[in-house]
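So the structure is just underneath, and the comments pick up after that.
The values are calculated or read from the model by the stated rules, or taken from the named source; none is laboratory data. Since this is a predicted model, take the numbers as computed values, not measurements. Note that each Cβ is placed from the backbone with ideal geometry, even for glycine, and that neighbours are counted across all protein chains shown.
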Amino acid sequence: MKKKTGFLLLGVFLIFFIAVYFLFYIPYTKIKAKGMAVLVSAQDLKAAFSKNDIDLLTAKLKITDEKYSEFEKEASTVYWAKPIPYVADFKNGVEAGRYGIEAAKVAIKSIAPYADLIGFKKGESSFVEKSAEGRLQTAVLTLDKVLVNIDVISADIGEIEKRLQAIDEKRYPESLGGVSIRKNIVSIKDQFTGVSHLFVDAKPLLKRFPEILGSKKEQTYLILFQNDAERRATGGFLTAYAVFTIKDGKMSIQKSEDMYTLDASIANHPTPPREIREYFPTVGVFNIRDTNLSPDFVKSLELFNSLYKKSGSRVKYDGVVAMDTKILVDMLTIFGDAEVDGMTFSAKIDSRCDCAQVIYQLLSTIGEEVGYQKTNRKGILGDLMLELFNRALRFSPSRYWGTLAQTMLKNLDEKHILLNFVDPEIQTSIEKLNYGGRIRETTTDYLHINDVNFGGQKSNLFVKETMTSKTEKKGSDVEREVTVEYRNPYPASNCNRNQERILCLNATLPNWVRIYVPKGSKLVSFDGSAKKVQTYDDLGKTVFEGFLRVNPMGMAKIKVVYTLPSGVNADELLVQKQPGADGEKYTVTINGQKKFDKVLETDTLVK
């Protein structure tokens, strides 16, 4: 009996081994080989995309499609076992890949006839032979054709997300053979979900993009220049503005002036609000140049428009584009030096301010109130912007347009550009993409530090901020300590108006600071404020407000301790960046573990 039982078990084992070998191992080796072939072709496809060559990209996509079809055919040999969860997950992953390739095929097919308009090289193109104006007009009028299949692509992306979300990462080990398994699955799902939602949110904006560029009727845009060297709530001091119109891609300047001229066009200025009376007492009236008081761009625009409607220079606009100095520096970096109205503008570092020369030149021209009329002061900003815009159109799109588009998208993400549109559908899309400068609603923990320079010259060119957030659970309470350190390592400028001097830039920084935290948070202490600390609710948050001064060659610091309201998930902290800020170092520690330690470039969810 023992021998019979032994032979029986051995037979069962052999049958099981043979079944596993033929039903799983052999298909696995074949699937793996086909998968490696797909991987190689996908890497070639990525390389072709980086070369901006539409013909090469089309050819490489065709090869990837063929390799993937072979992979799918081999993968289907194990689908009979899909009641096994791991095989079902594998099938969902393979199907997600197919939808991705189909979306790519539709996208390439859509853009191929107009590839040179969006920065791709093409075998034959008459586009580069057109005039600068003709190029943009052609681009605008063909955008509708390029975007015609956006709904099809969106549907494919939705199918990818649906299949990836069906994969349950919890049934996989944390790691296998030293390789993270579960974490990688979660990362792929999270990244694609983010891309999918981004595409869904952007789709209304993309479909209306030709209209934004004047395909149906002339559009008028108000361009606001925010000087981030003098930090304000939405990015910087409102130094100058321009009015641009665009019709079928043809752009022209209707007006370009400094903000002091716009303020002079308002007959009766109201009494300044509480914040200016308290922190900027030398200003006796409410000027339009001081209206960006709220960290929420929409709220600040409401204040702006309350005065703008009283101006004799007012125009009816379709949208507002606010930008800071980084935009001009980036464009000059891409295109090279520009000469406008007899002045040269460059992205090269100027030793007089240890900043880009264009910043010093603009500050010297339009950035300072003086007792005399400056030559070319009013129109220089608009003229410079138009020159840079035309510079982009003078060359083949494959040379500059891709780089320029990527740079501008990065500046939108980093809030060096803020957008606002009158059309509610477009504005909703802008806000979903986080390009509207709104204070964000969130169910997680939240932190936003907002600094305002009231009368400290251009000292934000020199002051560097370092922020530290420490969260500790103390029993049933969650306490946070936020420390902000301000350092100005540069000597003061000669700001004596009675002496011949260089431009007055570096002076004592009078800094109005507001800490936005979850509504219902309770202040424990606020150290370092030179004025009485105030606590109130604003924009769906609780605010702790203080004031400090930072001297040249000096340092100042505040430390704020508060408890979070019950129900807030303290394991996830959304840190919202202030528009216009650049190079701010953040360190976030949660329960003794450092979770974030680098420059805050965009709004960041720290987990």
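Looking only at residues of the range 14-64 that are more than 23 Å from GLU95 (Cα to Cα) and β-branched (Val, Ile, Thr), we find that the one that is modelled with the highest pLDDT is ILE54.
When residues in the range 405-418 are screened for being surrounded by 23 or more Cβ atoms within 10 Å (Cβ to Cβ) and either at positive phi or not in a loop (DSSP other than H, G, I, E, B) (or both), 2 of them pass.
Applying the criterion of being surrounded by fewer than 21 Cβ atoms within 10 Å (Cβ to Cβ) and not polar (S, T, N, Q) to the residues of the range 558-567, the residue that is nearest to SER459 (Cα to Cα) is LYS559. Selection of the range 25-43 for residues being surrounded by 14 or more Cβ atoms within 10 Å (Cβ to Cβ) and within 29 Å of the chain's Cα centre (by Cα) yields only ALA42.
Taking (1) of a type in the set (Asp, Glu); (2) surrounded by fewer than 18 Cβ atoms within 10 Å (Cβ to Cβ); (3) not in a helix (DSSP H, G or I) in turn, ASP190 satisfies each apart from (3).
Residues in the range 331-349 that are in a strand (DSSP E or B) and either hydroxyl-bearing (Ser, Thr, Tyr) or in contact with a strand residue (DSSP E or B) (Cβ under 7 Å, 6 or more places away or on another chain) (or both): ALA338, THR344, PHE345, ILE349. LYS326 meets each of the listed conditions (1) more than 30 Å from PRO489 (Cα to Cα); (2) at pLDDT 90 or above; (3) among the charged types (D, E, K, R) apart from (1). For the range 83-94, the condition of being within 30 Å of ILE153 (Cβ to Cβ), basic (Lys, Arg), surrounded by 14 or more Cβ atoms within 10 Å (Cβ to Cβ) and modelled with pLDDT of 90 or more holds for at least one residue.
Matching residues to (1) of a type in the set (A, V, I, L, M); (2) assigned to a loop (DSSP other than H, G, I, E, B); (3) at pLDDT 75 or above:
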residue: SER125; (1), (2), (3): no, yes, no
residue: VAL128; (1), (2), (3): yes, no, no
residue: GLN137; (1), (2), (3): no, no, no
residue: LEU141; (1), (2), (3): yes, no, no
residue: ASP144; (1), (2), (3): no, no, no
residue: VAL148; (1), (2), (3): yes, yes, yes
residue: SER154; (1), (2), (3): no, no, yes
residue: GLY158; (1), (2), (3): no, no, yes
residue: LEU164; (1), (2), (3): yes, no, yes
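Return the residue satisfying two criteria in turn: it lies in the range 44-55 and is of a type in the set (A, V, I, L, M, F, W, C) and surrounded by fewer than 18 Cβ atoms within 10 Å (Cβ to Cβ), and of such residues it is farthest from ILE101 (Cα to Cα). Of everything passing the filter in the range 44-55, ALA47 is farthest from ILE101 (Cα to Cα). Could you go through the range 460-473 and let me know if any residue there is at pLDDT below 95 and in contact with a helix residue (DSSP H, G or I) (Cβ under 6 Å, 6 or more places away or on another chain). The answer is no, given that none of the residues of the range 460-473 is at pLDDT below 95 and in contact with a helix residue (DSSP H, G or I) (Cβ under 6 Å, 6 or more places away or on another chain). Kindly evaluate ASP201 against the criterion of being within 30 Å of GLY93 (Cβ to Cβ) and surrounded by 14 or more Cβ atoms within 10 Å (Cβ to Cβ). Yes, satisfied. Annotation: of all residues in the range 74-92 being in a helix (DSSP H, G or I) and farther than 19 Å from ILE160 by Cα, the one that is nearest to the chain's Cα centre (by Cα) is GLU74. Among the numbered conditions (1) over 18 Å from VAL513 (Cα atoms); (2) in contact (Cβ under 8 Å) with a residue 60 or more places away in the chain; (3) not aromatic (Phe, Trp, Tyr), the only one that PRO565 does not meet is (2).
Residue count for the range 169-180 under the criterion of being farther than 15 Å from THR193 by Cβ and surrounded by 12 or more Cβ atoms within 10 Å (Cβ to Cβ): the result is 3. Looking only at residues of the range 255-275 that are among the hydrophobic types (A, V, I, L, M, F, W, C) and out of contact with any strand residue (DSSP E or B) (no Cβ under 7 Å at 6 or more places or on another chain), we find that the one that is surrounded by the most Cβ atoms within 10 Å (Cβ to Cβ) is ALA264. Taking every residue in the range 482-495 that is more than 30 Å from TYR562 (Cβ to Cβ) and without any contact (Cβ under 8 Å) to a residue 12 or more places away in the chain and pairing it with any residue that is among the hydrophobic types (A, V, I, L, M, F, W, C) and in a loop (DSSP other than H, G, I, E, B), at least 6 positions away or on another chain, the pairs with Cβ-Cβ distances below 8 Å are ASN494/ILE502; ASN494/CYS504. Confirm whether MET251 is aliphatic (A, V, I, L, M) and touching a residue at least 40 places away in the same chain (Cβ under 8 Å). Yes. Given the structure, is PRO281 surrounded by fewer than 16 Cβ atoms within 10 Å (Cβ to Cβ) and in a loop (DSSP other than H, G, I, E, B)? In short, yes. Among the residues of the range 421-457, the ones that are in contact with a helix residue (DSSP H, G or I) (Cβ under 6 Å, 6 or more places away or on another chain) and closer than 17 Å to TRP512 by Cα come to 2 in all.
Sub-8 Å Cβ pairs linking a first residue in the range 514-543 that is farther than 20 Å from THR443 by Cβ and not assigned by TED's automatic domain parsing to the domain that holds TYR279 to a second residue that is assigned to a loop (DSSP other than H, G, I, E, B) and hydrophobic (A, V, I, L, M, F, W, C), at least 6 apart or interchain, are LEU523/VAL533; PHE526/VAL533, ordered by first then second residue. Quick check: is even one residue across the range 296-309 closer than 19 Å to GLY382 by Cβ, surrounded by 14 or more Cβ atoms within 10 Å (Cβ to Cβ), in the same structural domain as ILE380 (by TED's automatic domain parsing) and not hydrophobic (A, V, I, L, M, F, W, C)? Yes: one or more hits.
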